[in-house]
Each structure stands twice: as structure tokens, then as C-alpha cells.
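Take this structure, written in C-alpha cells, and hold onto it; I'll ask about it next.
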Amino acid sequence: MDTANIGDLPAATDARALQVTRPSSDYLDVSESLPLRLASGKELAPYRIAYKTYGTLNADKSNAILVPHALTGDQYVASHHPVTGKPGWWETMVGPGKPIDTDRFFVICPNVLGGCMGSTGPASVNPSTGKPWGVDFPVITIGDMVDAQVPLIDHLGIEALFCVIGGSMGGMQVLQWAARYTERVFAAVPIAAAAWHSSQNIAFHEVGRQAVMADPDWAGGRYLELGKEPRNGLSVARMAAHITYLSEEALQRKFGRSLQDLDAKSFSFNADFQVESYLRHQGSTFVDRFDANSYLYITRAMDYFDLAADYGDVLANAFRGTRTRFCVVSFTSDWLYPTRESREIVQALNAVAANVSFVEIESDKGHDAFLLDEPELFATVRGFINAAARKRGLPASAGPRLAGSA
Amino acid sequence: MLAPGKQPIYRADHLLIAEMVAQDSRVLDVGCGDGSLLQLLADTKAVDGRGIEVSRERVNACVARGLSVIQGDADSDLADYPDDAFDYAILSLTIQATLRPKEVLEQLLRIGRYAIVSFPNFGHWQVRARLLFTGRMPVTANLPESWYVTPNVHLCTIKDFAELCEAVGARVERSVAFNASGQKLGTWVPLTAHNLLGEKAVFMLTRKWVEAGNWVARQ
């Protein structure tokens, strides 16, 4: 696909805009002859899936681990981000000697359909108009995201993935993969996820979307054509969402009522409190790396997620006959995807006598715990993956590479 | 729950249970603890094993060592499983700590073709002697906790358990009483003697009853 002329953007977003058209990672262009049939009934073709791989695919292509990312993640799971320059978003989990050991496994991380790091999304050019899709991009679902990844797995010559593992929206994709392509998934690890998006979660997403759309620079979704960007709106959306990723306890522990670089309250609406300053920072750094319309589309996809709905409203039916080995993980302080929602997945799997492990990890870090340094999470994932690898006939682990590293 | 004692590598009741389990079968271990029985069965019988354990720490340790275990408890979570989901549903030294032993036993018989239950025998002579001679709730090497801290809220004797089996329509396929060192009592010994001399017992059961009235009794 040619580089599109998308006008003169503010400097901060140039690097990001470039990623939309020329991703720093590998990518697969799926041709017009293989249209993606979306849940909405529309078709999308051609489309691109940008992805990163780590490690080496073995001769019989049995050691591939797919790592779908969460809402604001991308394919840079274990390598520095081309826009922010920051380390990969799950380097604690994925890498040489890590629980998802790239010395043993071939790790694939695709940018989701609808994303803005090289996979086709609302910031991409609509081939029929030559302009960015904007809100003309079709509304997509988690199922569509997963369907769009299938040609990539085919392209890599992989018949069955050894494991699909992800947290939050990544966990939704794990469940969707396991339900829709059960024969192609040997093991599945949904972490801090749910089989459906709760009313409260939809509500938070709606607040975020309204913040974006209320920004005049959103311009009816056509901001890219106009050389604008709804920075304030997207920033507020991120600030609100970020609170839901933490816990009251973690916020209190981290910030309390401490003031930011002040001895006394300023009696103004400046960011007096550390927590305000922190959130504003989270908001402003987010807009440097993320497209506002992508945020709308991906949050919508999560809202629409209800796995049971596709299976006669009985979640167990989604997994009937499955031979996939599951490991479901939740965190005690995650109020966005609470343990009881993971337990529903476990109950559904038990109802079909599937092979399932379920671990609830004690943490006060809220939903974000899945991305953080949680030794119990690493031990669980390492143990589960090693046991599954033995069942799959893959070589044994050499164990952690560094003493003391989980 | 029970005295840790001087453990051999495997617990005596685990070895007895392992003798009863067929190669390559599907097993659910309810109250699987640290997963040692599941590990034994995986190592010696190549079973497809699952566990349920109430303690989060133990569950996480089991999963970290590669066992398929979920956090849950016998009283509430067995209802999730379909009929005949497993060849063996095992409850080892756990039934005495459940809130509703009768329902738990019925669930085991429903989800497993065989139910295997081991339990500490409250009819053992030492227990009887403690109560008789001290007039206080028995505390033995086998049942080390005082009445106010013990998780064992539903202790029974071998005779009691045999009666419960009858009450829920379970057929006793095998029953073994044994002492601390795992030594079995001979089958020629009458039940009354088992009840007096066995510190623990293992029963292997099948169901006689059928749901919806259309099952036939196991032959």
C-alpha cells in the first residue's frame, strides 16, 4: 500500500502517522480476493495486519505462541516502541528466559484490526476515497479482530498455535480464538478478562468516547483530513479509563493526598495533587501514541463482546468438545474484570469437562496487575506453559535464565 | 487438617487410591491440596487429572508445578460438572471437612463413574478411648486439632460412612481400612474390627441410582 498524503499533522504525531502507513514491524497485506466478513455484515478488503515476531519457529511449527494485545497495546510486546521509544509492554513476561520464553517459543504479536500501529484501522487510507477512513471505517468486533489474525497464522504456515495468551482485551481474543478456532489452539490463557463486557465497563467506555467526540478538534471524526487532532478529548478519555485500571488502594498508596511540587494548596484548578498530575501525564503521553478514532472503534469492539451470545446464550456451548487446555487468571483487586467473571469462564469450561486451571492472584494493583511485576503471575504462566509444552512434546524448559528473575 | 507427621514421599492413602485407579483414566481430585496425589497419579498412571482446592496459595502452587487445578470447594463447585465427566472423582481426607457430606458424595457419584473417598475413622479405638477415659473431644496424632479449631466438622466412623453409602445409593466396590503406616487390615477381618482398628479408610464406590428414572444400576 502506498504512503498516503494525510496532510500536515502536528509534530508530535508525525512519527505515529508514519506508523499507520509504514509500520516499523512486519506486516501482511491480505488481498481483495480474501475479504474479511465482519460481524456487522460488511466486508473489508484489502486489509493489513502489522505484527512482530520473536524467537524461532521450529521445524514442525508447533511452538508458536500468539499474544493478542489489550485496548491500547500494540505489536511491540517485547521490543521498544517506535513512537515512544519505551520498552515493550510485556517485557516482564515475554523474552529470553521469561515465562513466555523466546528461546523456546515463536511469539507472534499482531496489532489488532482497528489499531493505529500499522494494521488497518480508521486512521488508514480508505482505498475507495484516498482519504483516511475516519468514522467511515466499519464497526468491528473482537471476533473480527480474531478472524483478521487467521490469515497471518496461515501465512506463517502454522496449523495449530501452541498457546494463545493475553490480558484484558487480549484475554477476550484468547477466548474468541479458543471458541471459534478450537482445533488451532492447544492451550489458552485468558488473564484479567471476561466472556462479556459488563454494563459498568460499557459505561466507562461511553464516557471516554463522549469525551473524544465532544472535542471540537474531533471534527465529526474527520480530524486527520483537516490536520487536527482531538488531543484534549482523548486525553480525558485516557485519564478516566486509567483510574479504572488501578485500585483505590493502589492510588492511595501511590499518591495519597500528596501535593505536586507545592508546599500548600494553590487555590486554583492547577494540578495541585500528585494524582492529578499523574493522570494528566498519562493522558498527554497517550495521545502522542494513539489515534482517537482507533480508541472509539476498539472500545466499541470490547463493548460488543459477549461470547455466549453467539452460542445460544450458553457460554459452555462456546467450548463444547474443546480439547484446548485453559488457564484462567484473575486478580483480587481488579474491579474492571473481577474474579467472579473469570469464575464464570471456569464454570462454563467445567460444564463441558474441559481441562482448566484457575488462579486468582492476590494483588492490590487493580486491573493493570497483569502488566506489572507479579511474581505469582509469572510462576503460574511459566508452570502452565511448561506443563502444556510437555503434553505437546516440546523440549523441556531450561528454567529462568537469571537467578532471581521470575 | 490432619497430622503432617513424618511423611514418606507419598501418603499411605494416596498409594492405596493409586492402586484403585486405572491407567490413562480421567480423574478429578476434590480438595487436592498441594497436588501430591495428582502428581502421583500422573507419574504412575498417566491420568488426565484435574484438581479443586480451596486454598488459593495451594492452587497457585499446583498450577505453577504444571497441574490442572482450580480454586473452589467441594460444597459449591461440583455442581458445575456434567454427569460422568470423569472416570474417578476422588475426595481424599476431605469429606470430614465439608459442610454437606451427603450432597458432596452424591455429586461425586454423579460426575465420576467411580467415587473414591478416604477419611479418618472416628471409630478407631484410640479415639474411643480418649473420649471414654478423658471425657473430652479426642485429640490424636491422626486428628491433632482441638475441637474449636479443627476444620473437621463432619467426622464419622467407618460404619457411619458405610451407612451413608447405603443412604445415597452407592455400591461399595472396595473398602480398605489402614493404620498410620499404611498397613492394610486383612479382608477377612469383619467390619466391626475395621472400625475399631483402622485409623483411616478408603472406599471405592459406584452409583446404584439413576437420575430421571431411566438409568440402570451398575452391574
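The values are calculated or read from the model by the stated rules, or taken from the named source; none is laboratory data. Please read all numbers here as calculations on a predicted model, not as lab measurements. Here Cβ is always computed from backbone atoms with ideal geometry, including for glycine, and neighbour counts include all displayed protein chains.
(1) touching a residue at least 12 places away in the same chain (Cβ under 8 Å); (2) closer than 22 Å to A:VAL314 by Cα: which one isn't true of A:ALA123, the others all being true?
(2)
What's the number of the only condition in (1) closer than 21 Å to A:ARG343 by Cβ; (2) out of contact with any Phe, Trp or Tyr (no Cβ under 8 Å at 6 or more places or on another chain) that A:ALA219 fails to meet?
(1)
Inspect region A:303-311 for any residue being small (Gly, Ala, Ser), outside any helix (DSSP H, G or I) and either within 12 Å of chain B (Cβ to nearest Cβ) or over 30 Å from A:ALA123 (Cβ atoms) (or both) and give the result as yes or no.
Looking through region A:303-311, none of the residues is small (Gly, Ala, Ser), outside any helix (DSSP H, G or I) and either within 12 Å of chain B (Cβ to nearest Cβ) or over 30 Å from A:ALA123 (Cβ atoms) (or both).
Of the residues that make up region A:203-221, is at least one touching a residue at least 24 places away in the same chain (Cβ under 8 Å) and more than 25 Å from A:PRO122 (Cα to Cα)?
Checking region A:203-221: not a single residue is touching a residue at least 24 places away in the same chain (Cβ under 8 Å) and more than 25 Å from A:PRO122 (Cα to Cα).
Then there's this: The conditions are (1) over 21 Å from A:ALA388 (Cα atoms); (2) of a type outside the set (A, V, I, L, M, F, W, C); (3) within 10 Å of chain B (Cβ to nearest Cβ), and A:ASP334 fails exactly one of them. Which is it?
The single condition A:ASP334 does not satisfy is (3).
Output the residues belonging to region B:64-89 that are more than 8 Å from chain A (Cβ to nearest Cβ) and on the phi > 0 side of the Ramachandran plot.
B:ASP84
Of everything in region A:357-377 that's aliphatic (A, V, I, L, M) and surrounded by fewer than 22 Cβ atoms within 10 Å (Cβ to Cβ), which residue is farthest from the other protein chains (Cβ to nearest Cβ)?
Here the residue is A:LEU371.
Now for a separate question. Given the conditions (1) assigned to a helix (DSSP H, G or I); (2) closer than 20 Å to B:THR140 by Cα, report the number of the one that B:LEU164 does not fulfil.
Unmet condition: (2).
What residue, of A:ALA50, A:ALA45, is aliphatic (A, V, I, L, M) and surrounded by 21 or more Cβ atoms within 10 Å (Cβ to Cβ)?
Numbers: A:ALA45 fails: surrounded by 21 or more Cβ atoms within 10 Å (Cβ to Cβ).
That would be A:ALA50, the only listed residue that is aliphatic (A, V, I, L, M) and surrounded by 21 or more Cβ atoms within 10 Å (Cβ to Cβ).
Then there's this: Do any residues in region A:380-399 that are away from chain B (no Cβ under 11 Å) have Cβ atoms under 6 Å from those of residues that are part of a loop (DSSP other than H, G, I, E, B), where the two are at least six apart or on different chains, and which pairs are they?
Sorted first by the residue in region A:380-399, then by its partner, the pairs are A:LEU394/A:ASN63.
Would you confirm whether any residue within region A:293-311 is more than 22 Å from A:VAL236 (Cβ to Cβ), hydroxyl-bearing (Ser, Thr, Tyr), in contact (Cβ under 8 Å) with a residue 40 or more places away in the chain and out of contact with any Asp or Glu (no Cβ under 6 Å at 6 or more places or on another chain)?
yes
Looking at (1) in contact (Cβ under 8 Å) with a residue 60 or more places away in the chain; (2) surrounded by 23 or more Cβ atoms within 10 Å (Cβ to Cβ), can you tell me which one A:TRP196 breaks?
(2)
Considering each of A:ARG289, A:ARG325, A:ARG320 in turn, give the residue that is out of contact with any Asp or Glu (no Cβ under 8 Å at 6 or more places or on another chain) and either modelled with pLDDT under 95 or not assigned by TED's automatic domain parsing to the domain that holds A:GLY85 (or both). Give the steps one after another, and end with the answer.
Numbers: A:ARG325 fails: either modelled with pLDDT under 95 or not assigned by TED's automatic domain parsing to the domain that holds A:GLY85 (or both); A:ARG320 fails: either modelled with pLDDT under 95 or not assigned by TED's automatic domain parsing to the domain that holds A:GLY85 (or both).
Selected residue: A:ARG289, the only one of A:ARG289, A:ARG325, A:ARG320 that is out of contact with any Asp or Glu (no Cβ under 8 Å at 6 or more places or on another chain) and either modelled with pLDDT under 95 or not assigned by TED's automatic domain parsing to the domain that holds A:GLY85 (or both).
Separate question: If only one of A:ALA250, A:ALA264 is buried (at least 16 other Cβ atoms within 10 Å of the Cβ) and modelled with pLDDT under 95, which one is it? It would help to see each step written out before you state the result.
On the way: A:ALA264 fails: buried (at least 16 other Cβ atoms within 10 Å of the Cβ).
Among A:ALA250, A:ALA264, only A:ALA250 is buried (at least 16 other Cβ atoms within 10 Å of the Cβ) and modelled with pLDDT under 95.
Can you find even one residue in region A:312-327 that is assigned to a helix (DSSP H, G or I), more than 20 Å from A:ALA369 (Cα to Cα) and more than 13 Å from chain B (Cβ to nearest Cβ)?
yes
Answer yes or no: is there a residue in region A:342-358 that is among the charged types (D, E, K, R), in a helix (DSSP H, G or I) and not assigned by TED's automatic domain parsing to the domain that holds A:GLU225.
yes
To continue, here is another question. Going through B:VAL54, B:VAL30, B:VAL47 one at a time, which residue ends up being crowded, with 23+ Cβ neighbours inside 10 Å and within 27 Å of B:HIS154 (Cα to Cα)?
Numbers: B:VAL54 fails: crowded, with 23+ Cβ neighbours inside 10 Å; B:VAL47 fails: within 27 Å of B:HIS154 (Cα to Cα).
From the options B:VAL54, B:VAL30, B:VAL47, the qualifying one is B:VAL30.
Just checking, does region A:62-75 include any residue being touching a strand residue (DSSP E or B) at 6+ places or on another chain (Cβ under 9 Å), part of a loop (DSSP other than H, G, I, E, B) and surrounded by fewer than 24 Cβ atoms within 10 Å (Cβ to Cβ)?
Yes, that holds for at least one residue.
I've got another one for you. Among the residues of region A:76-120, which ones are in a loop (DSSP other than H, G, I, E, B), touching a residue at least 40 places away in the same chain (Cβ under 8 Å), among the aliphatic types (A, V, I, L, M) and in contact with a Phe, Trp or Tyr (Cβ under 8 Å, 6 or more places away or on another chain)?
Listed by number, the residues that qualify are A:MET93, A:LEU113, A:MET117.
Every residue in region A:121-150 that is more than 19 Å from the chain's Cα centre (by Cα) and outside any loop (DSSP other than H, G, I, E, B), please.
Within region A:121-150, A:VAL125, A:ASN126, A:LYS131, A:PRO132, A:GLY134, A:VAL135, A:ASP136 qualify.
On to the next question. Go through (1) at pLDDT 95 or above; (2) within 12 Å of chain A (Cβ to nearest Cβ) one by one and return the number of the condition B:ALA61 breaks.
Answer for B:ALA61: the failing condition is (1).
So for region A:74-92 (the condition being hydroxyl-bearing (Ser, Thr, Tyr), in the same structural domain as A:ALA39 (by TED's automatic domain parsing) and closer than 24 Å to A:ARG184 by Cβ), does at least one residue qualify?
The answer is no, given that none of the residues of region A:74-92 is hydroxyl-bearing (Ser, Thr, Tyr), in the same structural domain as A:ALA39 (by TED's automatic domain parsing) and closer than 24 Å to A:ARG184 by Cβ.
Against the definition (touching a residue at least 24 places away in the same chain (Cβ under 8 Å), within 14 Å of chain B (Cβ to nearest Cβ), under 28 Å from B:ALA61 (Cα atoms) and charged (D, E, K, R)), how does A:ARG343 come out, yes or no?
The answer is no for A:ARG343.
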